[in-house]
Amino acid sequence: MSMIKIPKHIETLRPYIAGKMIEEFARERNLSRIVKLASNENPLGPSPKAIEAVRQSLDKSFRYVDPGAYDLVRAIGERIGRPTEQIVCGAGTDALLSYIVKAFTGDGDEVITADGTFIGIYVSVRKHNRTLVTVPLKDYSFDLDAIAARIGDRTRIVYLANPNNPTGTMFTSRQFESFMAKVPSNVLVVLDEAYFSYAESHPQYPDGLKYDFDNLIVTRTFSKDYGLAGFRVGYACGPEYLIREIYKVRLAFEPSYPAQVAATAALGDEAFLRTTVDLNGRMLEKMRTRFEQLGIVQIPSVANFILMLFPSASLAEQFNAGCLDRGLIVRHVAGFGIPNGIRMNSGTEDETEFALEVIEKVHAGMMASASVARSAQS
Ligand SMILES: Cc1ncc(COP(=O)(O)O)c(C=O)c1O
């Protein structure tokens, strides 16, 4: 029997493994309460204005969407102060990253990023059979000098996430500007600002959309601050000559109609955005304080999550398993390049409190078994 030959780079591709689904987890175990703080989603749910707009629009869903996502692109343009020709929407940043790799790289080309960033870029590069070059993080942040030094003849794209996922760290305007001055004009810089709203109030945070480089594309998503992860909407903004090429490789009818309606309405929901950012600020502070009291090592974050670090990958795994046993889903970020890291995003007040109580118990259990092990050795 003849078999279909799978190309090597697809056969060996490790697909994106998402955070555990609550329903899947509930089926597996019999727990009275499950809290998921593993995918940096908005704990408040979707913007209420988005839900209402989608409800009102469902009867129009039998029609194909406008391939240019006219209303949404115009609403985004107004919001960010950019002409519509510089904006393209897609089914989330994840889809846009894939299109960017597809549109701007060829055989043998390299994409450079950090070893310890958003896993979606690794998958996109490998899926297109391009060479992924990763540069170690420095103090859990993008090492922009080392990345600039690594750019070579085959480099086509540099991918940066600011703030970074899973570390929550950011680089400053000054660092970014000095980096851009070193990047050759034929290398495209992709600046992923999935967590923009949480970081923008930081005085040194560089708003990527304030820059006008011919080799810069900024991506943003509606998945986090607007609570629309399940709808799949994001956009890329950059010079028209690049955006035009992304349109060529993008699927014609994305985002879906309800997704476009939801995102357009969400853009008008300032109050929801303010409440989201305010809640995150308070919950992150609560998490920071408690981790510090417990002696858990943590990386200072400007996003909507905190990365905890454990002395080894197996202790991180043990912590993760202990949390799961008690109904808390957090994210072991080994696949992101940090095997001893556990990432937890902020929840509602109630969810955050539940999570911190679970963490306190799991941590106490681990400390107790470590001291038993130490005394057994001595
Ligand atoms: C840095 C970063 N970029 C992109 C995404 C994915 O965004 P989207 O839901 O728009 O695909 C995430 C989600 O975790 C992220 O952390």
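Some values worked out for this structure:
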| item | result |
| --- | --- |
| Kirkwood hydrodynamic radius of region 205-310, from inverse mean 1/r over distinct Cα pairs, in Å | 16.7 |
| Contact order normalised by residue count of the chain, Cα under 8 Å, 6+ apart, percent | 23 |
| Proximal charge balance of THR169 [Cβ under 12 Å; K/R count +1, D/E count -1] | -1 |
| Distribution of pairwise C-alpha distances over region 86-130, 10 Å bins, in % | 27, 54, 19 |
| Per residue Cα convex hull volume in Å³ - calculated over the chain | 189 |
| Heavy-atom accessible area ranking, 1.4 Å probe, most first, across LYS5, LYS102 | LYS5, LYS102 |
| Solvent exposure ordering (accessible area, 1.4 Å, most first) of ASP94, ASP207 | ASP94, ASP207 |
| Residue-averaged [θ]222 nm for the chain, counting only DSSP H segments that reach four residues, each worth -39500 (n - 2.57) | -13500 deg cm²/dmol |
| Per residue, the convex hull volume that the Cα atoms of region 94-170 enclose (Å³) | 73 |
| Solvent-accessible surface ranking, highest first, for TYR205, TYR241 at 1.4 angstrom | TYR241, TYR205 |
| Size descriptor, Kirkwood hydrodynamic radius, that averages inverse alpha-carbon separations across region 33-150, Å | 18.0 |
| Long-range HN-HN contacts of ILE329 with modeled amide H, under 5 Å | VAL35, LYS36, LEU37 |
| Alpha-carbon centroids, region 150-166 and region 274-307: separation in whole Å | 27 |
| Highest-first arrangement of 193-203, 157-167, where packing means the average Cβ count within 10 Å | 157-167, 193-203 |
| Rounded percent of accessible protein surface that carbon and sulfur make up, region 48-269, 1.4 Å probe | 49 |
| For the chain, built as a Gaussian network whose Cα springs stay under 10 Å, the top-fluctuating residue of ASN30, ASN186, ASN280 | ASN30 |
| Using alpha-carbon coordinates, inclination of helix 70-80 to the longest axis of the chain, degrees | 70 |
| Beta bridges per DSSP with both ends in region 48-269, % antiparallel, nearest 5 | 35 |
| Accessible-area value, SER256, 1.4 Å probe, nucleic acids and ligands omitted, Å² | 60 |
| Other-chain or far-sequence residues with amide H under 5 Å of THR155's (modelled H) | GLU110 |
| Two-decimal Rg/Rh across region 168-208, once Rg and the Kirkwood Rh are taken from alpha-carbon atoms | 0.99 |
| Coarse-grained scattering of region 133-195 at q = 0.19, 0.29, 0.30 Å⁻¹, given as base-10 log I(q)/I(0) from a Debye sum over alpha-carbon atoms | -0.69, -1.53, -1.59 |
| Counted charge near ASN30, where neighbours are those whose Cβ lies closer than 13 Å (Asp, Glu -1; Lys, Arg +1) | +2 |
| Neighbour-limited loop hits for chymotrypsin sites (Phe, Trp or Tyr not before Pro), region 319-361 (at most 10 other Cβ within 10 Å; DSSP other than H, G, I, E, B) | none |
| Relative contact order for region 240-378, counting Cα pairs under 8 Å that sit 6 or more residues apart, in percent | 19 |
| Cβ-defined net charge surrounding ARG82, 13 Å radius [Lys, Arg +1; Asp, Glu -1] | -1 |
| Among beta bridges that DSSP assigns inside the chain, antiparallel share in %, nearest 5 | 50 |
| Relative intensity, log₁₀ I(q)/I(0), of region 48-269 from a Debye sum that treats every alpha carbon as a point, q = 0.08 Å⁻¹ | -0.27 |
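The values are calculated or read from the model by the stated rules, or taken from the named source; none is laboratory data. Quantities reported herein were computed from a predicted structural model and do not represent experimental measurements. With ideal geometry, Cβ positions are generated from the backbone for all residues, glycine too; neighbour counts draw on all protein chains shown. Remember, those area values only see protein heavy atoms, side chains included, never the ligands or the DNA or RNA. Shrake-Rupley method; radii C 1.70, N 1.55, O 1.52, S 1.80 Å.
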